[in-house]
Each structure stands twice: as C-alpha cells, then as structure tokens.
1. Identify, by number, the condition in (1) open to solvent by 40 Å² or more (accessible area, probe 1.4 Å); (2) more than 24 Å from W122 (Cβ to Cβ) that I285 doesn't meet.
2. Among the residues of segment 187-207, write down those that are under 18 Å from K286 (Cβ atoms), open to solvent by less than 40 Å² (accessible area, probe 1.4 Å) and in contact (Cβ under 8 Å) with a residue 60 or more places away in the chain.
3. Filter segment 324-374 down to the residues that are of a type outside the set (S, T, N, Q), open to solvent by 60 Å² or more (accessible area, probe 1.4 Å) and free of Cβ contacts under 8 Å to residues at least 40 places away in the same chain and list them by number.
4. With the requirement that a residue be touching a helix residue (DSSP H, G or I) at 6+ places or on another chain (Cβ under 7 Å), acidic (D, E), crowded, with 16+ Cβ neighbours inside 10 Å and at pLDDT 95 or above, what does segment 101-120 give you?
5. When segment 120-146 is examined, which residues are found to be without any contact (Cβ under 8 Å) to a residue 24 or more places away in the chain, closer than 17 Å to I160 by Cα and out of contact with any strand residue (DSSP E or B) (no Cβ under 8 Å at 6 or more places or on another chain)?
6. Filter segment 333-391 down to the residues that are of a type outside the set (D, E, K, R), farther than 15 Å from I308 by Cα and part of a helix (DSSP H, G or I) and list them by number.
7. May I ask you to say which residue of G147, G152, G129, G141 is of a type outside the set (D, E, K, R) and open to solvent by 30 Å² or more (accessible area, probe 1.4 Å)?
8. Does T154 satisfy the criteria of being hydroxyl-bearing (S, T, Y), at pLDDT below 95 and more than 27 Å from K5 (Cβ to Cβ)?
Amino acid sequence: MQYRKDRYGKDISQLGYGCMRFTKKGTAIDYDKTKGEILHAIESGINYFDTAYIYPGSEECLGRILEESGKRKDVSIATKLPQYLMRSDKQIEKTFRDELARLRTDYIDYYLMHMFTDYSEWEHLKSLGIEQWIKDKKASGEIRNIGFSYHGDTDMFLKILNAYDWDFCQIQYNYLDENSQAGRKGLDAAAKKGIPVVIMEPLRGGKLVNLPTKAKEELAAHSTKYSPAELGLKWLWNQPEVTCVLSGMNSMEMLDENIRIASETTPGIFADADYKLVDRIKKIIKEREKVGCTGCRYCMPCPKGVDIPGNFHYYNLMYMEKKSAARFEFAQNMGLRKEPGFASQCIECGKCEQHCPQHLNIREKLKEADRDLRPLPYKIGIDIARKVLVH
C-alpha cells in the first residue's frame, strides 16, 4: 500500500474504504461477508474507513467489526454530522454521541460536516455554536481532525474552504468531473493551503468502469492495457494534491484489483500518452452531450444567479448516464443550495453569450435544460426538499 500524509503528518492509505455500499442480505448488511472484506482490506494496508450517520447500518457494522477484531487502533474512522438536519446545539451533541455508540469508540479520527452545498449551511451551524463545539471536541480528543464533504459549485467551495481552519475536506472528483463541482480549481486551492483532500465518486459510481464499447477499444489498444477502473484511479493518484481516494468496495475481486492499482501508483506516473488517452475517452463519453459547454465559466457570474455551467453539466449527464441519476444529482447539488441557480431564473439579458468562447446559444439551451432537468414531479420534489432542508 502507498500512503500520503494528513495535515499533521499521519499516514493515510491512498486507497480508502467507502462504507456506503456494503453488501446487503435481505434488508440488512451481510455482516460476515463485510467483515471478511474489511479485515482483508486492513491486512492489505488500508487504514481509512469512511462512513456516515445516514448510511443505514454502516456505522454499527463497522464499529462491531473493529471491536470484535481488535483493530480499532489500527485504522482511522471518518464519519459525518448530517448538518442539514441540525436545529440546535443539543441535537449536534446527541447525534455525535449516537455515532460514538454505533462505532463502539470514544473518538473519531476524521469528522466531517456532511454534504455542504452552500455557505449558508456553515453560517447556520455557526449560529448553533458549532465552532466552540468543535474546539471543545478537539481539546478533549474526541475529534482528531475536522473537515467537510462538498457537493456544489467551485466558487462556493472556495468560500467554505476559506471560512474556517479545516483539517481536511472531501470532494467529488474524477476525470469526467475535472471542471465541475469543486473541480481541479478547488483541489489546487485546498492543496495550496496544506489541506488534505479525500476523493469520493472517483469512478462516478461505476460509470467510468462501464464505459462505451468505443472507449473500451481505445483502452485495449493503449500500450499499458489499463482496465477502466485502473485508468480512473491512476488519473487521480497521479496528482500529488490528492490525499486519499475512496472506493465503495463490496467484493474481494474489486478489493484486490484496487489494492493492486494503489500499490503500483505514485504521483507523476502518467506519461503524455496517458493524458491523451484520458482526453480521447472523455471525448467518446461526451459524444452524446447536448451542450458543448467546457465549464470555463467565462459566462459567470449571471446577474440573476443562474448557474449556467452547472445546469449544462447535469443536462449533459442525463444523456451520458441514466436520466434519473442525473436529475437526482442535479436536485441534490443545485436544488438544495440557499440560492439554487435554476435556469428558470434567466431573464434572457444575453450578457453570458457575449463572453462564451464556444459561442453557444445559452439562453435557448437553458430553457431546454430546465425542461429536461425539472419536469413537474421533480419540481415538486425539489420544492418540498427545499422547505424541509434549506435554512
């Protein structure tokens, strides 16, 4: 196993274990199978395990495995406060206590504010006294590192990153999302501040494994004979700014392949031919895209707050992946912001089109995107979610 350092010099395995997708047996987690996989991961050098309060049964399962095997001190646990559900300081404390009980531990190595999409969420937590709470927990040793996980646009990520003295952060990042969400700009900004970055969705939930046939042919013809997973993971570990890459592993085959790839990969391993291969694969994947938006953001800011690149990103995803999955991601990442950035906010002033290097008909394409991304049932669902979750 290869290791990279956290903010305080502690080794983190560059392959982390994502605990959201444990195998189910009926409606419950298959404990014996999961235990075998986790112990194999630990024996192979993986020492970072990522779970969350809202992953059904995950914290309890991980805690029981680590306690029964006596491996708690050999690993780091990362779990998350569901900040979008918090309404008081007492609720924050109760949730944290519940997590310690589930995980059968008296401290959390890496504790995250879960799923920030907007700076207003951090402001809400501050109004509940979160800064003093964190200070107290770090002083007592109950929390060793404090961070946040993020789904939203680059500008908002940078604002949250600079709002507090974070120990680490977690972002969605892969070669298809290089210029969306926090993106490379966010990754570089965190690295410049000395803040370790943990990567989630490195293969877009398997989308970069199940590639189009044409893309698989490109891989097969390449001298390295990379598998689809290998290309995606090596692209990430090639970057020294990446600290740990999470993978939701739920089979020994997947575990062993990822361990092999991690053991072989160090920063700077990519050659020019590898970068060109990634560009060709991305081009093949994007052949079905609806808008030729590169995510350059020259069109921004919109005077009415429309997230133009964001709308086009999720519109394109609908035709590169499952429509329902892209709509859900759009609803989660854009719909739950305090200022959502919907295309329907456009007043057709045309300012954006004056700055677009691709000379896109942005105003017309925004209408198309909104129709596809927010059909009536989704509009209703997003409105309900906003009333419940957006402060």
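1. Evaluating I285 over (1) open to solvent by 40 Å² or more (accessible area, probe 1.4 Å); (2) more than 24 Å from W122 (Cβ to Cβ) leaves (1) as the failure.
2. Hit for segment 187-207 is R204, nothing else.
3. F328, E348, H359, R363, E364, K367, R371, listed by residue number.
4. None; the set is empty.
5. Once the filter is applied, which keeps residues that are without any contact (Cβ under 8 Å) to a residue 24 or more places away in the chain, closer than 17 Å to I160 by Cα and out of contact with any strand residue (DSSP E or B) (no Cβ under 8 Å at 6 or more places or on another chain), segment 120-146 yields E123, K126, S127.
6. Restricting attention to segment 333-391, the residues satisfying the condition of being of a type outside the set (D, E, K, R) are 333-336, 340-347, 349-350, 352, 354-362, 366, 369, 373, 375-378, 380-382, 384-385, 388-391.
From what is left, the residues that are farther than 15 Å from I308 by Cα are 336, 375-378, 380-382, 384-385, 388-391.
Answer for segment 333-391, where residues must be of a type outside the set (D, E, K, R), farther than 15 Å from I308 by Cα and part of a helix (DSSP H, G or I): L376, P377, Y378, I380, G381, I382, I384, A385, V388, L389.
7. Testing whether each residue is of a type outside the set (D, E, K, R) and open to solvent by 30 Å² or more (accessible area, probe 1.4 Å) leaves just G129.
8. Values: hydroxyl-bearing (S, T, Y): yes; at pLDDT below 95: yes; more than 27 Å from K5 (Cβ to Cβ): no.
When the stated conditions are applied, T154 does not pass them.
The values are calculated or read from the model by the stated rules, or taken from the named source; none is laboratory data. Worth saying up front: this structure is predicted, and the values here are computed from it rather than measured. Note that we place each Cβ from the backbone using ideal geometry, even for glycine, and neighbour counts take in every protein chain shown. Side chains included, ligands, DNA and RNA excluded: accessible areas come from the protein's heavy atoms. Shrake-Rupley method; radii C 1.70, N 1.55, O 1.52, S 1.80 Å.
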